[in-house]
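Undergrad: Quick one: structure below, then a few questions.
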Amino acid sequence: MSRPSPSFPGTRMRRTRKFDWSRRMVAENTLTPNDLIWPVFVHEGKDHAVDIPSMPGVQRLSTDLLAKAAKEAYALGIPCIALFPAVDPSLKTEDGREAANPDNIICKAIKTLKDAVPDMGVLCDVALDPFTTHGQDGLIENGYVVNDRTIDALIAQTLNQVSAGCDIVAPSDMMDGRIGAIRGALEQDGYAETSIMAYSAKYASGFYGPFRDAVGSTGNLGTGDKRTYQMNPANSDEAIREVALDISEGADMVMVKPGMPYLDICRRVKDEFGVPTFAYQVSGEYAMIAGAADNGWLDREKVVMEALLSFKRAGCDGVLSYFSVEAAKYMQG
């Protein structure tokens, strides 16, 4: 609601902007390391890091290097790491069965992380695309990603990750009804305390390209797309329906993805439901900022922090960002 104020000179908006202390004192939103979740790519091997060319400064890490990185992140105050696997191509199948293997790379990474930093949260993606030969998030019949059979595979993947020590499962597949099915399976198998962060409004976006390079699914997906299950970027009301369904099915937290191009969705979700709301500052967003900064076109620190603060202003309780460790260091001064 707009509130009248005295006209100039009774009102001088610049009064509270004059000093650093006064600007900090009246700041409406604050960003801290507690607001950050750090997505990390993991692969097999030892003492092995691989640069991701489309995401300058980001690497895939072997599990021993993950342990070292997690300790640094935890020391900086970052509460949670999100794990994403780069799966050996020889282990990919049409049905993505490796996702349910208790000795797969993601389960190894969970156990390593929990051994290294027991008090750090571990979030795991629930979707089949890193494990399938076709790069889709579900099972395919007659060229179409089928819903209900995919949910069965997602339940198996979820229980596999949780038994390895995962704290938060984050279904990113966008199948109808998967949150309720996963919640039911968790309750039935004795994992009632496991949280679900639903990728509730995940759009069929062009900003995911570098991520697919990072997990090695670009070549598998080829010229295919995910528009039959991910959301149309033209739609906003549909996002509210998706979020409402996921909350009703047992989601503890919801996510909007991508982030900055969809801040209007973040604001609507928070205003409508008031639940813990997150956004994913995706790989394409990272690549644009990092690339421009590397070319000297932008001040990296200023733009990174401004971009992250925009999520808080839009109502988000937190953000998944590849800048998390860097941003936490900036906050330390």
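The values are calculated or read from the model by the stated rules, or taken from the named source; none is laboratory data. Note that the structure is predicted; figures quoted are calculated from it, not measured. In this analysis, Cβ positions are derived from the backbone assuming ideal geometry, glycine residues included, and neighbour counts consider all displayed protein chains. Note: areas computed on protein heavy atoms with side chains; ligands, DNA, RNA excluded. Shrake-Rupley method; radii C 1.70, N 1.55, O 1.52, S 1.80 Å.
Undergrad: Determine the relative contact order of the chain: mean sequence separation of Cα pairs under 8 Å and six or more apart, normalised by residue count, in whole percent.
TA: 18 percent
Undergrad: Related question: For region 129-260, with all protein chains present and a 1.4 Å probe, just round the carbon and sulfur fraction of the accessible area to a whole percent.
TA: 47 percent
Undergrad: If all Cα-Cα distances of region 131-266 are sorted into 10 Å bins from 0 onward, what percent lands in each bin, rounded to whole numbers?
TA: 12, 40, 38, 10, 0
Undergrad: For region 13-99, what is the accessible area per residue in Å², given a 1.4 Å probe and the full set of protein chains?
TA: Result: 57 Å² per residue.
Undergrad: Let me ask you something else. Could you pull the Cα extents of the chain along its three principal axes, largest to smallest, in whole Å?
TA: Result for the chain: principal-axis Cα extents of 70, 44, 41 Å.
Undergrad: What chymotrypsin sites (Phe, Trp or Tyr not before Pro) does region 286-326 have in DSSP loop regions with at most 15 other beta carbons within 10 Å?
TA: Numbers: sites: TYR286, TRP297, PHE311, TYR322, PHE323; in loops: TRP297, TYR322, PHE323.
Passing sites in region 286-326 are TRP297.
Undergrad: Counting only the heavy atoms of the protein chains, how much of ASP167 is accessible to a 1.4 Å probe, in Å² to the nearest 10?
TA: Accessible area of ASP167: about 60 Å².
Undergrad: What figure in square angstrom, to the nearest 10, would you give for the accessible area of HIS43 with a 1.4 Å probe?
TA: 20 Å²
Undergrad: Per 10 Å bin, what percent of the C-alpha pairs of region 1-110 does each bin hold, from zero upward?
TA: 11, 28, 21, 12, 12, 11, 5, 0
Undergrad: Additional query: On C-alpha positions alone, give me the angle between the axis of helix 263-273 and the longest principal axis of the chain, in degrees, nearest 10.
TA: Roughly 90 degrees between the two axes.
Undergrad: Which distance in Å, rounded to a whole number, links the C-alpha centroids of region 154-221 and region 48-62?
TA: For region 154-221 versus region 48-62, the Cα centre distance is 23 Å.
Undergrad: Still on this structure: Before anything else, pin down the relative contact order of region 187-272: Cα pairs under 8 Å, at least 6 apart, normalised by residue count, whole percent.
TA: 46 percent
Undergrad: Just add up the charged neighbours of LYS329: K/R +1, D/E -1, any other residue whose Cβ is under 11 Å from the Cβ of LYS329.
TA: Computed value for this residue: -3.
Undergrad: In addition: When a/c is below 1.5 the answer is rounded, else prolate if a/b is larger than b/c, else oblate, so apply that to region 180-260 with a ≥ b ≥ c taken from the square roots of the Cα gyration tensor eigenvalues. Before the final figure, lay out the partial values.
TA: Values: a/c = 2.43, a/b = 1.49, b/c = 1.63.
It is oblate, given that a/c is not under 1.5 and a/b is not larger than b/c.
Undergrad: With every protein chain kept in the model, how would you rank MET55, MET253, MET331 by accessible area, 1.4 Å probe, largest at the top?
TA: Values: MET55 0, MET253 25, MET331 60 Å².
Descending accessible area places them as MET331, MET253, MET55.
Undergrad: Compute the acute angle (0 to 90°) between the alpha-carbon long axis of helix 148-164 and the principal axis of greatest extent of the alpha-carbon atoms of the chain; round to the nearest 10°.
TA: 80 degrees
Undergrad: Further, regarding this structure: Sort region 1-63 into rounded, prolate or oblate with this rule: let a ≥ b ≥ c be the square roots of the eigenvalues of the Cα gyration tensor; rounded if a/c is under 1.5, and if a/c is not under 1.5, prolate when a/b is larger than b/c, oblate otherwise. Working shown, then result.
TA: Numbers: a/c = 4.22, a/b = 4.00, b/c = 1.05.
Here region 1-63 falls in the prolate category.
Undergrad: Moving on. Order 176-189, 194-207, 12-25 from most to least packed using the mean count of other Cβ atoms within 10 Å.
TA: Highest mean packing first, the order is 194-207, 176-189, 12-25.
Undergrad: Given 10 Å bins starting at zero, what is the percent of C-alpha pairs of region 248-294 in each, up to the one with the largest pair distance?
TA: 25, 43, 22, 9, 1
Undergrad: If you find the alpha carbon centre of region 96-143 and of region 278-333, how far apart are they in angstrom?
TA: 26 Å
Undergrad: If you fit an axis through the alpha-carbon atoms of helix 283-294 and take the longest principal axis of the Cα set of the chain, what angle between them do you get, 0 to 90°, nearest 10?
TA: It works out to around 50 degrees.
Undergrad: Take the alpha carbon atoms of region 246-333, find their radius of gyration, then divide it by 2.2 N^0.38 Å using N residues; give the quotient.
TA: For region 246-333, the normalised Cα radius of gyration is 1.16.
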